[in-house]
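Below is one structure, written out as structure tokens, with a few remarks after it.
None of the figures in this text is laboratory data; all of them are computed from the coordinates on show. Everything numeric in this text was worked out from a predicted model, so none of it was measured. So basically every Cβ, Gly included, is an ideal-geometry build from the backbone, and we count neighbours across all protein chains shown.
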Amino acid sequence: MTKKDYYEVLGLTQQATDREIKAAYRRLAHELHPDKNPGNKASEEKFKEASEAYSVLSDADKRARYDRFGHAGLGGSGQEDFSVNIQDIFGDIFGDIFGSGRGRSPRVGQRGADLRYDMPISFEEAAFGVEREISVKRRESCSTCQGTGAKAGTKPIPCRTCGGIGEVRVSQGFFAVAQTCPNCRGLGQTIEHPCIDCRGTRLKQVERKLMVKVPAGVDSGMKLKFNGEGEGGLQGGPRGDLFVVLTVAKHPLFKRDEDNIILEMPISFTQAALGAQIEIPTLYGKAPLNIPAGTQTGHVFKLIGKGIPHLQSRSQQKGDQLVIVTLETPKKLSENQKEILRQFATLSGEDSLPSHKSFFDKMKDLL
């Protein structure tokens, strides 16, 4: 059964911050926990799904692998650990209930959003790699207010709704659930006199040029991750990441099958019947191909090492080029050509066409 997208399970987008991931899981875990839904199998399965999603997305390394390769990036060798530290998730809630909670301090340092850049490349660039400069628009810390969001001579003030903590508590029966403050959006501060440049957002859009090195052997849909090249964080938080998503253009002659290249090559009747030495195109220039006499349409020839380089292969191994020959039947024949072919058919008879003779022998047996 296909696994659900982890972000979808938690009701988030790929740009979700660590705080948002934790808050979303905490909300679902409180709602779906088996102790609150005894005997409800559907609720239990959803609780397991949410726990698995949180265990991956709350781990920086696992999240990076998942963002780049999806569920396949978590396979590895051995079983992934999907355990969740329940004390870490619910410890502050239990503390509020029983009066033994840890001290609360304002949440600061929100991570910047991740960015996506779609980069089209040619078939040849995907095969051999390419280095290209790209231009990315992103938001960075405002230089006018130094990222505070406040006008010169003023400072942000603690949020009156959450008291500067960045969270508000909502009672749900026996539990008290922490949610991101709707007024300050978790920053714990509000701005009375906004900066004239960033208008209190703390970030200002700029355009940056970056060099992107695409390795040999990539394919459409692959992502290149550039750490810290996303949008700027808030209140000293780290920058987000940039994901360059590749789209490989189609080639007029070649098709790709993993690291192999497929070429459909038309040949004439005389070349197939008598044999021929022809030149065929490859990614590495022209190459000779020997067609033996009696070659049938659909026959596959293999050119070793004329395919796509294995992605990040240290030994520089390459796939192969598979040449599928197809017999090209002439559409316009002169009367003289038609007469010659009729004579050929009369002289050759069915014995010269083994597949033709075998087919009609089987048909006679059936009838």
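Taking amide H positions as modeled 1.01 Å from N, with prolines and chain starts lacking one, the residues under 5 Å from Q189 and 5 or more places away or on another chain are C159. When +1 charges are put on Lys and Arg Cβ atoms and -1 charges on Asp and Glu Cβ atoms, the dipole computed for segment 137-250 relative to its Cα centre reaches about 220 debye.
Convex hull volume of the C-alpha atoms in segment 1-69, normalised per residue: 78 Å³. Which stretch or stretches of segment 190-230 have amide N atoms under 19 Å from the point lying 7 Å from S135's Cα along the Cα→Cβ direction? Those under the cut-off are 204-213, 230. Extension gain for Q343 to D61 (0.36 nm times residue separation, less C-alpha to C-alpha distance): 94.2 nm. Exposure proxy ranking for E8, E140, based on other Cβ atoms within 10 angstrom of each Cβ and starting from the fewest, stands as E8, E140.
Between E264 and Q277, the modelled label-to-label distance comes to 2.9 nm, taking each label 7 Å out from Cα in the direction of the beta carbon. Placing a pseudo-label 7 Å from each Cα along the Cα-to-Cβ vector at R185 and R199 gives an inter-label distance of 1.2 nm. Taking the Cα centre of segment 265-329 as reference, the dipole from Cβ charges on Lys and Arg (+1) and Asp and Glu (-1) amounts to some 320 debye.
Per residue, the convex hull spanned by the Cα atoms of segment 265-329 measures out at 77 cubic angstrom. Take the Cα of A249, step 7 Å toward its Cβ, do the same at V206, and the gap between the two points is 3.3 nm.
The phi-based Karplus calculation (6.51 cos²θ - 1.76 cosθ + 1.60; θ = phi - 60°) puts the 3J(HN,Hα) values of segment 50-59 at 5, 5, 5, 4, 5, 5, 7, 6, 8, 9 Hz, whole numbers, x for Gly and Pro.
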